[in-house]
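The values are calculated or read from the model by the stated rules, or taken from the named source; none is laboratory data. Since the structure is predicted, the reported quantities are computational estimates derived from the model, not experimental observations. Because the Cβ atoms are built from the backbone with ideal geometry, glycine has one as well, and the counts that use them run over all protein chains shown. Side chains included, ligands, DNA and RNA excluded: accessible areas come from the protein's heavy atoms. Shrake-Rupley method; radii C 1.70, N 1.55, O 1.52, S 1.80 Å.
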Amino acid sequence: MHKTMDSIYSRRSIRQYKPQQINSQETKTILNAALYAPSARNLQDWHFSVVQDPALRLKLKKILIENMNNSGVGFLIQKAEDPSFDPFFNAPTVVFISGNADDKFVDISCGAAAQNLMLAAESLNIGSCIITTPELLFAADKEDELKKELGFPSGYRFVYAITLGYKNCENPAAAPRKNVISFL
Ligand SMILES: Cc1cc2nc3c(=O)[nH]c(=O)nc-3n(C[C@H](O)[C@H](O)[C@H](O)COP(=O)(O)O)c2cc1C
């Protein structure tokens with residue numbers, strides 16, 4: 001099979017990582033692949049904040065768990081109360097993707113970038129998982145302090161995050177895919 005197809009079919013959401021950081025060349029290669037995704041009107045109005053500093057990562061984990069506890073949502077509170085819970089699956093790298101809040105197509109552009117990023121990671125045998133729960137990080141970020149600390153450009157909002165790291169597991173089997181294709 002063509003190697004692009006190999007990556008498409010072998011990529012799985014990975015939720016177990018080794019503590020070792022991925023090397024900087026791999027990180028750059030993966031992020032650069034995201035930049036080559038299509039974007040609406042070629043605006044490229046996305047931003048990639050690559051968190052590899054353990055202290056910042058820990059700070060984000062603590063805020064997220066606190067906000068989950070305060071969310072009033074039963075299953076989030078239950079998760080947050082588990083002392084072994086890490087919302088980033090202990091991945092050594094977490095990429096926060098933000099996009100221009102005034103662009104109505106920015107989620108689609110960022111989604112295309114996510115898939116490029118995750119397929120590039122898989123082609124290097126690096127695990128990834130796209131996660132949207134970190135949206136709760138910004139629930140109490142009234143002055144946009146956290147957005148600024150993460151380097152979001154002014155007027156950008158959180159779209160999703162992607163965890164990255166060397167896999168500490170085999171790729172799980174793919175969940176069955178629904179038959180949702182009509183040939184006309
Ligand atoms: C928009 C979006 C949001 C997601 N959010 C989460 C999340 O918050 N936590 C998580 O563990 N997985 C999340 N996932 C991963 C899905 O659970 C996963 O893609 C799905 O179960 C199919 O598994 P696969 O990626 O291994 O093919 C998300 C996926 C997408 C596309």
Exposed trypsin sites (Lys or Arg not before Pro) absent - longest run of the chain, DSSP non-H/G/I/E/B, at most 10 other C-beta within 10 Å:
1-103
Report in % the part of the accessible area of the stretch 93-184 that belongs to carbon and sulfur, leaving out ligands and nucleic acids; probe 1.4 Å.
53
How many percent of the accessible area of the stretch 20-88 is carbon or sulfur, using a 1.4 Å probe?
54
Just tell me the longest site-free run in the chain, where the sites are GluC sites (Glu not before Pro) in a DSSP loop having at most 10 other beta-carbon atoms within 10 Å.
1-142
List the chymotrypsin sites (Phe, Trp or Tyr not before Pro) within the stretch 1-70 that fall in a DSSP loop (any state other than H, G, I, E or B) and whose Cβ has at most 12 other Cβ atoms within 10 Å.
Y36
If you average the alpha carbon positions of the stretch 129-143 and of the stretch 19-87, how far apart do those two centres end up, in angstrom?
9
Expressed per residue, the solvent accessible area of the chain in Å² (1.4 Å probe) is about 59
Could you work out the helix-only [θ] at 222 nm for the chain, with each DSSP H run of four or more residues adding -39,500 (n - 2.57) and the total divided by the number of residues, to the nearest 500 deg cm²/dmol?
-11000 deg cm²/dmol
Relative contact order as a percentage, the chain, C-alpha pairs under 8 Å and 6+ apart, gives 37
Spin-label model distance (nm) - L58 vs S182, 7 Å beyond Cα toward Cβ
5.5
